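Engineer: Structure in C-alpha cells, see below.
Please treat every number below as a calculation from the coordinates, not as lab data. This structure is a prediction, so every number in the text was calculated from the model and none was measured. FYI the Cβ positions are ideal-geometry reconstructions off the backbone, even for glycines, and counts take in every protein chain you see.
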Amino acid sequence: MSTIIQAYAVNKAGQNLEEWQYQADPLAATDIEVHVTHNGLCHTDLHMRDNDWGITQYPLVPGHEVVGIVTKTGSQVTEIKKGDRVGFGWIRDSCRVCDHCLKGQENICREGYSGLIVGHHGGFADRIVAPADFAYKIPDTLDSAHAAPLLCAGITVYTPLRTYLRHPAMKVGIIGVGGLGHLAIQFAHAMGAEVTAFSTSPDKEDEARGFGAHHFKILGSETYQSLASSQDMILNTASSVIDWQACFDLLSNDGVLCIVGIPPASDITLPLTSMVFGQKKLAGSIVGGRHFMIEMLAMAAAHNIKPLIETMPLSQVNEAMEKVARNQARYRIVLTSNH
C-alpha cells in the first residue's frame with residue numbers, strides 16, 4: 001500500500017504554498033522512504049515555485065536539501081537500512097551508464113539527470129520517496145540542521161574548488177559572502193588555499209574572516225587595480241551583475257574564473273588577448289555528482305565546516321521564502337518538520 005504524504009505545495013506561479021496531501025507512488029525495489037526532519041531553503045526553491053525557468057510542474061512540493069530518517073527500503077536496497085539518517089540533494093537520478101555517470105559525475109550526465117523537484121515532489125513534506133542510490137548517509141558528527149544546506153549549497157561550491165584547486169597555497173578569491181560564498185570560504189580554507197573574500201558589503205568582513213578568509217576586499221575599481229593578476233582561481237557565487245573584464249584581470253596566468261552564481265544579465269564579454277596569452281580559463285559548474293558529494297560530507301564533518309543558519313518551522317515556509325526573496329537570510333534558513 002502506498003503512503004499518503006502530508007506536504008506543502010504551490011498550485012500556480014506566484015502563489016504561496018498551502019497544505020496539501022498526495023498519494024506517493026508505490027515503493028520501487030530501488031527506492032527508500034524517508035521521514036523528513038529538516039529542509040534547507042534554497043533560492044532555487046523560489047525559482048521553481050514561480051516557474052522562473054519554465055520547467056515547473058504544478059502542483060509542486062519544493063525542497064531539495066532534505067534530511068531525514070529512513071522508514072522503508074525497497075527489496076533491492078542493500079547499502080541503506082531502516083533507521084539510517086540520510087539526505088537528498090538536487091539530483092534525483094541519472095542515466096547511470098554514460099562515461100560521466102560511471103565516474104561519479106552525474107551532474108553532467110550525457111542523457112541529463114533528473115531533478116528531485118523537477119517532475120517530482122520534494123522535501124517540504126512529512127515524507128519523501130526517491131531512489132536510494134542518490135541518498136547520502138549523514139556523518140554522525142554533522143547535525144541534521146547544518147547538514148541540510150550542504151546537500152545543495154555545499155556541493156555547489158565544493159565541486160569547482162575540488163576540480164580547479166590543484167595544490168595547497170593557491171590563491172583563491174571568493175566573490176560573494178552569502179549562502180554559497182560563506183561555505184566556499186570554509187572549504188577553500190580547509191583545502192589549504194590563501195583565501196580572499198570579495199564583497200560589496202563592508203559589514204561582512206568580520207564574518208568572512210571568521211569563516212576562514214585571509215583577506216577581505218570590497219569589489220570596485222581600486223581593488224581591481226591593486227590586485228590585478230593576483231588570483232589563481234576566482235569562484236563567483238554572487239547573482240548580481242559584475243564587471244567581468246575587470247574580474248578576469250584579477251587572474252594570474254593559468255588562472256580560472258569559475259561561475260556558479262548566475263546574474264540576471266548572463267552574457268559575458270572577456271578580453272581574448274589576455275585569455276590566450278595568459279592561458280586563462282572561464283568555467284562553469286553545476287552542483288556535483290555522487291563521488292564529490294560523499295567527499296564533501298566527509299570533509300565537512302572532519303573540518304567542522306557548517307553553514308550559518310537560522311531555523312524556522314516548516315509551517316512558516318511562506319514567511320521563510322519571503323525572507324530569502326528579500327535577501328534577509330544570513331546565511332541559510334533551515335525548515336524543521338512539524339511532525
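Engineer: Report the full-extension gain for the segment Gln15 to His215: residue separation times 0.36 nm, less the Cα-Cα distance, to one decimal in nm.
Structural biologist: On the way: separation 200, 0.36 × 200 = 72.00 nm, distance 4.21 nm.
Once the chain is fully extended between Gln15 and His215, it gains 67.8 nm.
Engineer: Taking other Cβ within 10 Å of each residue's Cβ, how do Ser75, Ser285, Ser230, Ser201 sort, fewest first?
Structural biologist: The fewest-first ordering by Cβ neighbours comes to Ser75, Ser201, Ser230, Ser285.
Engineer: I want the antiparallel fraction of DSSP beta bridges within the chain, as a percent rounded to 5. Before the final figure, lay out the partial values.
Structural biologist: On the way: 33 of 60 bridges.
Bridges in the chain that DSSP calls antiparallel: roughly 55 percent.
Engineer: Starting from 0.36 nm per residue, how many nanometres of slack lie between Tyr22 and Ile268 once their C-alpha separation is accounted for?
Structural biologist: Values: separation 246, 0.36 × 246 = 88.56 nm, distance 4.33 nm.
Going from the current span to full extension adds 84.2 nm.
Engineer: I've got another one for you. How much mean residue ellipticity at 222 nm does the chain get from its helices, if each DSSP H run of length 4 or more adds -39500 (n - 2.57) and you divide by all residues, to the nearest 500 deg cm²/dmol? Provide the component values of the computation, followed by the final result.
Structural biologist: Details: 11 runs with 84 residues, N = 339.
It lands at -6500 deg cm²/dmol.
Engineer: Now for a separate question. Taking the Cα atoms of the stretch 155-284, what is the range of coordinates along each of the three principal axes, in descending order and whole Å?
Structural biologist: 38, 29, 28
Engineer: Please list, in chain and number order, the residues 5+ apart from Ala283 or on another chain whose amide H is under 5 Å from its amide H, with Hs placed from the backbone.
Structural biologist: Correct list: Leu257, Cys258, Ile259.
Engineer: Over the Cα atoms of the stretch 265-337, each weighted equally, I'd like the Debye log10 I(q)/I(0) at q = 0.23, 0.28 Å⁻¹, rounded to two decimals.
Structural biologist: Per q value, in the given order, log10 I(q)/I(0) is -1.01, -1.13.
Engineer: Net charge within 12 Å of Val195 by Cβ-Cβ distance, Lys/Arg positive one each and Asp/Glu negative one each, not counting Val195 itself?
Structural biologist: Numbers: positive: Lys171, Arg209, Lys217; negative: Glu194, Asp232.
Around Val195, the surrounding residues sum to +1.
Engineer: In whole Å, how far is the Cα centre of the stretch 76-126 from that of the stretch 292-339?
Structural biologist: 20 Å
Engineer: Next question. How large is the Rg to Rh ratio of the stretch 23-120 when both quantities use alpha carbon positions and Rh follows Kirkwood?
Structural biologist: Details: Rg = 14.5 Å, Rh = 14.8 Å.
A ratio of 0.98.
Engineer: Considering all alpha-carbon pairs of the chain, what whole percent are spaced by more than 39 angstrom?
Structural biologist: Numbers: 7691 of 57291 pairs.
I get 13 percent for the Cα pairs in the chain exceeding 39 Å.
Engineer: Take every Cα-Cα distance within the stretch 129-208, group them into 10 Å bins from 0 onward, and report for each bin the whole-number percent of pairs it holds.
Structural biologist: Taking all Cα pairs of the stretch 129-208, the binned fractions are 17, 42, 31, 9, 1 percent.
Engineer: Only counting other Cβ atoms within 10 Å, I'd like Leu151, Leu257 sorted with the fewest neighbours first. Working shown, then result.
Structural biologist: Values: Leu151 29, Leu257 25.
Going from least to most buried by this count: Leu257, Leu151.
Engineer: Another question about this same structure. For the stretch 237-246, what does the Karplus curve 6.51 cos²θ - 1.76 cosθ + 1.60, with θ = phi - 60°, yield as ³J(HN,Hα) per residue in whole Hz, taken in order and with x for Gly and Pro?
Structural biologist: Once θ is set to phi - 60°, the couplings for the stretch 237-246 become 9, 7, 10, 9, 6, 10, 6, 5, 5, 5 Hz.
Engineer: Let me ask another. Can you tell me what percent of all Cα-Cα pairs in the stretch 75-213 are more than 23 Å apart? Walk me through the numbers on the way to the answer.
Structural biologist: Values: 4463 of 9591 pairs.
Looking at the stretch 75-213, the distances longer than 23 Å represent 47 percent of pairs.
Engineer: Quick one: net charge of Ile294's neighbours, Cβ under 13 Å, K/R +1, D/E -1?
Structural biologist: -1
Engineer: Cα centroid distance between the stretch 212-282 and the stretch 1-38, in Å?
Structural biologist: 42 Å
Engineer: If we count trypsin sites (Lys or Arg not before Pro) as exposed when they sit in a DSSP loop and have at most 10 other beta carbons within 10 Å, what is the longest stretch of the chain that avoids them all?
Structural biologist: Working: sites that count: Lys81, Arg166, Arg326.
Answer from the scan: 167-325.
Engineer: Label Asp50 and Thr311 with points 7 Å out from Cα along Cα→Cβ: what is the distance between them in nm?
Structural biologist: 2.9 nm
Engineer: Still on this structure, please answer the following. Local charge sum around Lys171 (other residues, Cβ-Cβ under 13 Å, Lys/Arg +1, Asp/Glu -1)?
Structural biologist: Values: positive: Arg166, Lys217; negative: Glu194, Asp232, Asp254.
Local charge sum for Lys171: -1.
Engineer: Given a Förster distance of 30 Å, report the FRET efficiency between Asp203 and Cys98 from their Cβ-Cβ distance, rounded to the nearest 0.05. Don't skip to the end; give the middle numbers.
Structural biologist: Working: r = 46 Å, r/R0 = 1.52.
The formula returns an efficiency of 0.05 here.
Engineer: Give me the orientation-averaged projected area of the Cα convex hull of the stretch 154-201, in nm², one decimal. Provide the component values of the computation, followed by the final result.
Structural biologist: Working: hull surface 11.6 nm².
Mean orientational projected area (the stretch 154-201, Cα hull): 2.9 nm².
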